[in-house]
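Presented below is the structure to which this report refers.
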Amino acid sequence: MNELLKAIDLDVEIRMTEGLLHPVRNVSFSLGRGETLGIVGESGCGKSLTSLAVMGLLPRSAARRARHLSLAGQDLLKINKRDMAHLRGNKIAMIFQEPMTSLNPCYSVGNQLVESLHRHGKVGVQEASKRAIYLLERTGITAPASRLKQYPHQLSGGLRQRVMIAMALMCRPEVIIADEPTTALDVTIQAQILGLLAEIQKETGIGMIFISHNLGIVSRIAEKVMVMYAGEVVETGSTVDVFTQPLHPYTQGLLDCIPVPGRTKRGTMLGYISRARCPARWASSEGAPLPAAAPMRSRIAGARPWTYTPSRRAGSIGAS
Amino acid sequence: MPDGMMPEAEILEPAEEVGVSQRTILLRRIVGHKGLLVGTSIVLFFILVALFAPIITRHDPYGQDLYHRLQNPVWYADGDWENPLGTDRMGRDYLTRLIYGSRVSLIIGFSAVAISMVIGCTLGIVGGYFRGRIDMMINYLTTVQLSMPVIIVALAIMSLTKGSFLLVIFIIGFFGWTGFAIVTRSTTQQIRSLDYIVAAQAAGCSNFKIIFSEILPNVLPQVIVVATLGIAGAILAETGLSFLGLGVNPPTPSWGLMVNEGKVFMFTKPWVILFPGILIFLLVYAMNMLGDGLRDIISPEGRN
Amino acid sequence: MLIYIAKRFFLALLVTLTVSIASFFLLHYAGDLALVLAGEGATEEELDTLRHNLGLDRPVIEQYIVWFGNVVQGDFGESIYSGQNVSTMIGRRMPTTLKLAGGAFIIALLCGIPLGILSATKPNSWLDRSCLSVAVFGQSMPGFFLGLLLILLFGVKLKIMPISGADSWLHFVMPVIALSVGHIPAIMRLTRHGMIESLESDYIRTALAKGLTSSSVLFKHALRNAVLPVIALSAVTLGHILSGSVITESVFALDGVGLLAYESIRRNDFPVVQTVVFMFCIYFTVLTFASDMLNAFLDPRIRGN
């Protein structure tokens, strides 16, 4: 099997004073070499938590459960913390959304780039710097050698994100998770970063998970897509199929929200996702009624969103 | 279900709204915070003792009785329940002086902090609100105050003036405003830059009105926290001054003064310093627990 | 960066001058020095003569300028009480106070910072809560009472420590403990607060995602950012410890500058008091300046500009 990263029925449970929260439920996916899986959904649907769960970076109050979770054949469920730390940054890397705050302001760019290589391998200082310079250049940063000595506050947001990408690639990981890497950047830089990621993937055969709430971006970069809503996967399949023929009303709803230049007539109302269908998942997974001590101002009690997860087996599509 | 078929979309009716008011949350947090409850009860206890002192003990804390000087407490063979903790050098009932000592500590603590609060909040709000040169001046004043060796200057002043109850309050209050100033200044600055304040000014709202209706209520929670912790500090300051003989004057029943007076006996009769010392510790401890508890309630950090 | 240093230095000078003038004025207007020295029974004439001799009848600002002029030349005057040269008196007692204050400072840091780091790694755990309880304990204990308790317990009951004098390092154990306990809580809390905030930052998430070891994350990344405000607090703490030596030295009969200050204050030995105030003020500003410099050095955002 060409499976680099595989998850079956991934669950995240968070213990809060008000009760148990299940922000991620029954999420399954697989990622092969050279593939890009897009995860889309609105804010709060659990996409970031899913990736943190895979990385083993959940907060202390959260617990992860799954029937299966493996990276390049290695079982991530049975692994201990130290071995997991060996894998992070090494075999699986992550890029985050906020480039402005993701780098330590007290250390130079070079220091932060080189430290992951030092951590995971016995590489000399010279070699590490060379790789750092190479990657900085590869990510489109000018004058890479002098950047090593610079500090994060001296770089713009776009540059910092490129540094983050370079940092993620230092140890030649097999999987990279990009959590909304372009959301905090302006549109022109967005396009450049996307192009960069696509290039790198073609060149290295790295598997990529691309998380975004922006359907347009995901459709450009991912072959497979997974639509998440309220912690569950509501639809999954190839990007082309899911976006041209969505089976789930939520996906349809998301697509309806996007105005299409030329097609959407002026003055018509854009689609929206009705809140009546979007309760927060405060109840236990059995659907018990909400506990009385809920901190939010108002919430709709009891209702479960109905979920329908159509599967698109290869060759089963009728009209296309 | 066959592929390609879309199930009916049910529009779910919103069930009953589960709402919890802010007040209930606050009350629940208060009741759940053990430290706050313990601290508040102990402080209340001391306040009650101070208020009802004349009823609790019928001795006069200033009443000298030189025939009965240095009596031993009850647990000695020659002690009796008339003076459960014995008498001091001047024949005054020790227990009574301890009880009235709570009045001294509480009054000085609260009054001194009141003075600090007025000075500090005024300076902090004015500096944070008007910014510019005024703010620079006030910042400078704060730095100067923080750089002053307060203990020494206070001691020196007390020494030159031969001390008095009011003067102790004034000195401690006068030198303790920086905490209030710093906290109110940063909060005022934050609020000041909010859009609705600018809008209010544009609409012709006077600065005075803005400060009173917008800034003060928002500054209040933090000021309360600083005040309770400040009272703890003020009580410690007074006992320290009195211990050095430069605080309130005898015969005022201050716990610090009692430790000072009892020092000479401490090797043979340790309780003479132990009781007042422990009472100081207990009251200050309770005050600190209260302040910390309030701080946790107002801005819970790291609580899940 | 140089402009930053220059600005801070100028500010420090200005503050020192202001504090010195302010305390001079405060002391002069607080009470009549002549009356206090001469005693209650002195006549108006005697008081006037005394005032004239001490130069107290000149305008206060002139008195200050005269005093300051002498100070700049290294002349701190003579003690009214003993007639000795003030600088000699202070110089003789300085080592004792420095040992006491230095020891207390080191203990405060050695206890406060690690406890703060420890409690930040598991916020709201029983470990964290016990550390915080200990902190409140230390904050609430009056320094002089703790000193007396230590004397009673270790000096008298257990007889393992000497209770007065400053001959050997053993003499300093109890005073150092008494002086440091009150300051450990603030350092511990600030370290804890800074570490908790630091550990919640995005760059820690990045460090964890890179698979760095937990000690690397804790010490190299989190602590480096958390320690900046602690440095400023340490400077203030050392200043307070120095001032607090007044009480500790009195309780333990250590012949240091603090005890000298206390005794001079009680004797209204004005030249000594004024010099001690000035000296402490210089300490405070030097310490603040040093911590500013250290901060600037450690924080590249300030350094780079």
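The values are calculated or read from the model by the stated rules, or taken from the named source; none is laboratory data. Because the structure is a prediction, the values reported are computed rather than measured. Cβ sites come from the backbone with ideal geometry, for glycine too, and all protein chains shown count toward neighbours.
A few points about this structure:
- Count of the stretch A:94-104 residues which are at pLDDT 90 or above and facing another protein chain (nearest Cβ under 7 Å): 6
- Taken together, B:ILE107, B:ILE115 contain a single residue that is within 26 Å of B:MET287 (Cα to Cα), exposed (fewer than 15 other Cβ atoms within 10 Å of the Cβ) and not polar (S, T, N, Q), which is B:ILE107.
- Residue pairs whose Cβ atoms lie under 7 Å apart, sitting 6 or more positions apart in sequence or on different chains, and linking a residue in the stretch C:82-102 that is at positive phi to a partner that is at pLDDT below 90, do not occur here.
- Set side by side, the residues B:LEU290, B:LEU220, B:LEU294, B:LEU283 differ, and just one is under 22 Å from the mean Cα position of the chain (by Cα), crowded, with 20+ Cβ neighbours inside 10 Å and either under 30 Å from C:GLU249 (Cβ atoms) or without any contact (Cβ under 8 Å) to a residue 24 or more places away in the chain (or both), which is B:LEU283.
- C:VAL156 meets the stated requirement of being free of Cβ contacts under 8 Å to residues at least 60 places away in the same chain, over 23 Å from C:ILE184 (Cβ atoms) and within 14 Å of another protein chain (Cβ to nearest Cβ).
Listed here are the residues, each with its yes/no results for (1) in contact with a Phe, Trp or Tyr (Cβ under 9 Å, 6 or more places away or on another chain); (2) not charged (D, E, K, R).
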| site | (1), (2) |
| --- | --- |
| A:GLU3 | no, no |
| A:ILE14 | no, yes |
| A:THR17 | no, yes |
| A:LEU20 | yes, yes |
| A:VAL24 | no, yes |
| A:ARG33 | no, no |
| A:GLU42 | yes, no |
| A:GLY46 | yes, yes |
| A:ALA53 | no, yes |
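- Some residue of the stretch B:205-214 being touching a Ser or Thr at 6+ places or on another chain (Cβ under 9 Å), more than 14 Å from every other protein chain (Cβ to nearest Cβ), surrounded by fewer than 21 Cβ atoms within 10 Å (Cβ to Cβ) and among the hydrophobic types (A, V, I, L, M, F, W, C): yes
- The residue that is surrounded by the fewest Cβ atoms within 10 Å (Cβ to Cβ), counting only those in the stretch C:193-248 that are within 11 Å of chain A (Cβ to nearest Cβ) and acidic (Asp, Glu), is C:GLU200.
- All positions within the stretch A:185-217 that are closer than 21 Å to A:SER43 by Cβ and in a helix (DSSP H, G or I): A:VAL187, A:GLN190, A:ILE193, A:LEU194, A:LEU215, A:GLY216, A:ILE217
- Residues satisfying the stated conditions in the stretch B:119-134, i.e. touching a residue at least 40 places away in the same chain (Cβ under 8 Å) and in contact with a Gly (Cβ under 9 Å, 6 or more places away or on another chain): B:ILE119, B:GLY120
- Selection status of A:VAL175, modelled with pLDDT under 90, buried (at least 18 other Cβ atoms within 10 Å of the Cβ) and within 24 Å of A:ILE8 (Cβ to Cβ): no
- Applying the criterion of at least 2 residues that are more than 21 Å from B:MET158 (Cα to Cα) and among the small types (Gly, Ala, Ser) to the helices (runs of 4 or more DSSP H) found wholly in the stretch C:202-305 leaves C:202-209, C:224-252, C:270-298.
- The stretch A:66-82, subset surrounded by fewer than 17 Cβ atoms within 10 Å (Cβ to Cβ), touching a strand residue (DSSP E or B) at 6+ places or on another chain (Cβ under 7 Å) and over 17 Å from A:GLY32 (Cβ atoms), residue modelled with the highest pLDDT: A:ARG67
- Yes/no for B:ALA77 being assigned to a helix (DSSP H, G or I), of a type in the set (A, V, I, L, M, F, W, C), at negative phi and out of contact with any Cys (no Cβ under 9 Å at 6 or more places or on another chain): no
- Contact annotation: residue pairs with Cβ atoms under 6 Å, 6 or more positions apart or on different chains, pairing a residue in the stretch B:38-50 that is surrounded by fewer than 17 Cβ atoms within 10 Å (Cβ to Cβ) with a partner that is in a helix (DSSP H, G or I), are B:VAL38/B:MET289.
- Hits in the stretch C:252-278 - residues which are aliphatic (A, V, I, L, M) and facing chain B (nearest Cβ under 9 Å): C:ALA261, C:ILE265, C:VAL273, C:VAL276, C:VAL277
- Summed over the stretch C:110-140, the residues that are exposed (fewer than 15 other Cβ atoms within 10 Å of the Cβ), among the hydroxyl-bearing types (Ser, Thr, Tyr) and assigned to a helix (DSSP H, G or I) give a count of 2.
- The residue that is farthest from the other protein chains (Cβ to nearest Cβ), among those in the stretch B:154-179 that are surrounded by fewer than 24 Cβ atoms within 10 Å (Cβ to Cβ) and without any contact (Cβ under 8 Å) to a residue 24 or more places away in the chain, is B:LEU166.
- Number of the exception - A:GLN245 against (1) under 22 Å from A:VAL24 (Cβ atoms); (2) modelled with pLDDT under 90: (1)
- Matching residues, the stretch A:52-96, being on the phi > 0 side of the Ramachandran plot and free of Cβ contacts under 8 Å to residues at least 60 places away in the same chain: A:GLY56, A:GLY73
- Residue that is farthest from the chain's Cα centre (by Cα) [pool: residues in the stretch C:3-26 that are surrounded by fewer than 14 Cβ atoms within 10 Å (Cβ to Cβ) and farther than 18 Å from C:PHE278 by Cβ]: C:ILE3
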